[in-house]
Structure formats: C-alpha cells, structure tokens
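Data block below; observations after.
Bear in mind that the values in this text are calculations on the coordinates, not laboratory data. Note that the coordinates shown come from a computational prediction; the quantities given were computed from them, not determined experimentally. All Cβ positions, glycine included, derive from the backbone under ideal geometry; neighbour counts span all protein chains shown.
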Amino acid sequence: MSQAKKFMYINRHAPCGTAYAVEGLEVVLIGAAFEQDVCMAFIGDGVFQLKQDQDTADTGMKNFSPAYRALGDYEVNRLYVERESLQERGLTEEDLMPLTWEDEDDDWAEKSSIHVVERAQLSDLIEEQDIILNF
Amino acid sequence: MLHTVNKSPFESSSLKTCLSLAKRDSDVLLIEDGVYGALSGSAHTSWVAEVLGDVRVYALEPDLKARGLSKDKLIPGIEAVSYDGFVELACVNDKIQNWL
C-alpha cells in the first residue's frame, strides 16, 4: 500500500440543528476503512457534538451520539477538542462523553480518545495534515 | 408577542437581534439550536441574563435533552417548557415572530 496520508476531519457544527455532524461522522467511519492516519478536531459549536447525555427520544429524532463510541474500534482515537471553544460555551472536559480506545501496543490498555488542546496547539496540528475536511 | 429563536448564539446573531428588539413583557422561546442561548457560564450568559427582568425567556425541554443539556445548566430565570408549554405560549400571545 502507498504511504498513509494524514487526514483531519474538522467538526464545527452543533449535533442536532443541521445534518453536518451526522454526515461528518458517517464519512469518518467510512473513511476509516481505508487505513489512513485519521484524527478529528472539534471547534466552535462542534464541541457540542461530544456533550454527554444527549437524549433525542422526545424530539422524534435519531440519537446518533452513541456512534462516536465506535470511533476507537476504527482506530480513530485522536479527537482534539479546542479548549477555548469549551470555555466560551461554559463546558469542561467533564461535560463530554467518555470516549476510549484499546492500545494493542500497551497490553490493550484503555485510553481516552479525547484530547483537549489549546487553540495554538490545534493550529499546529492542522498545519501538519495532508488532507483536511470540514463538516 | 411570542418570539422564537432556533439558532445557536455562537453561530448566528438571531438571539441578539431578537432580544434587542423584543418589547418589555414579551415571551421569548428558545428552540432547536436556540437552546444553547440558555446555557449558564457561556460567553453569552451575561447579556442574556441582563434582559431577563424585561422579557420572559423559555427553553424547549425536549431540545435541551436532545443536546445533553440538563436544567441545572440553564441561566437562573430561564424556564424549561414542554411541547404543551410551547402550545400554551402560542395561544396566550396574540402574535408570533420566528427569528429564523
């Protein structure tokens, strides 16, 4: 196989009001089958996608938020969340759903996929990528 | 008059425009992504809280739940209402303005 490219999916929209979030997640899960080096970034209202306890039952909409838990199994285990975006929204890392992956190189230790990063750090991470897709 | 706002205040100026134009004693109902405007501790909390003495602000509870926002996350003074409460607000007000 040719050398894997570095992909970053940037998520900037809230989960329910538009289809960006669910469509973006589907693309990531499908794209993960192609064995590329994939990470995700959550910026602005995109951080609301990871809010825990989402329950859409009363609205008649499908709740797709449990599907984020599948990301770890697809080796998408770097989810960068911008700290400033959390702060502007009155959220902390504790408000986010716990998302983990199992590290086969470390005796299958369960590790967190969520990495809260400063804006400047995120800017460097974006710069490192080969391909960036926005949702 | 009943005003509804369905956009996140972080993405759109709808809430700001609505609250700056709503007359004293109006009802403002936050629905869909508009419910993010009811969050306490956010960058918008202070100016939203400021108008609460002049207008009544409500947030639609099913839309809060869908987004994982519990009632204790709301700015004090903002009331969560059910779909029945939405209907009630629509009935008691003579006009409705949707700030799409």
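Under a Gaussian network description of chain A, with springs only between Cα atoms under 10 Å, the residue in A:F48, A:F64, A:F34 that fluctuates furthest is A:F34.
Placing a label point 7 Å from the Cα of A:D53 along the Cα-to-Cβ line, the residues of region A:97-120 whose backbone N sits under 14 Å from it are A:97-98. Between A:F34 and A:E75, the simple spin-label model (points 7 angstrom out along Cα→Cβ) gives 1.5 nm. Look at B:T4, B:T45 and count the other Cβ atoms within 10 Å of each Cβ; fewest to most, that gives B:T45, B:T4. Under 5 Å between amide hydrogens, built in the peptide plane, is the criterion, and for B:L29 it picks out B:H3, B:T4, B:V5, B:Y58 among residues at least 5 positions away or on other chains. Summarising the amide proton neighbourhood of A:I10: residues at separation of 5 or more, or on other chains, whose placed amide H is nearer than 5 Å comprise A:A41, A:L133, A:N134, A:F135.
Cross-link partners of B:K65 among lysines, defined as those whose alpha carbon lies under 26 angstrom from its own and excluding same-chain residues fewer than eight positions apart: A:K51, A:K62, B:K7, B:K16, B:K73. Under 5 Å between amide hydrogens, built in the peptide plane, is the criterion, and for A:E82 it picks out A:F42, A:V117 among residues at least 5 positions away or on other chains.
Using the Karplus relation 6.51 cos²θ - 1.76 cosθ + 1.60 with θ = phi - 60°, the per-residue 3J(HN,Hα) values for region A:109-126 come to 5, 7, 10, 6, 8, 8, 10, 7, 10, 6, 4, 5, 5, 5, 4, 5, 4, 4 Hz, with x marking Gly and Pro.
Before anything else, pin down the relative contact order of region B:2-99: Cα pairs under 8 Å, at least 6 apart, normalised by residue count, whole percent. Spell out each step's value before the answer.
Details: 163 pairs, mean separation 33.2, N = 98.
Taking the mean separation of contacting Cα pairs over the length of region B:2-99, I get 34 percent.
Along region B:18-35 the Karplus relation, 6.51 cos²θ - 1.76 cosθ + 1.60 evaluated at θ = phi - 60°, assigns HN-Hα couplings of 4, 5, 7, 9, 5, 6, 3, 6, 6, 9, 10, 10, 8, 10, 6, 5, x, 5 Hz to successive residues, with x for each Gly and Pro. Report, in degrees rounded to the nearest 10, the 0 to 90 angle that the Cα long axis of helix A:20-31 makes with the longest principal axis of chain A. With rounding to tens, the tilt is 30 degrees.
Straight-line cross-link partners of A:K5 among the lysines, defined as a Cα under 24 Å from its Cα and at least 8 positions apart when in the same chain: A:K111. Quick one: grab the alpha carbon gyration tensor of chain A, order the square roots of its eigenvalues as a ≥ b ≥ c, and give me rounded if a/c is under 1.5, else prolate or oblate depending on whether a/b is larger than b/c. The shape class here is rounded.
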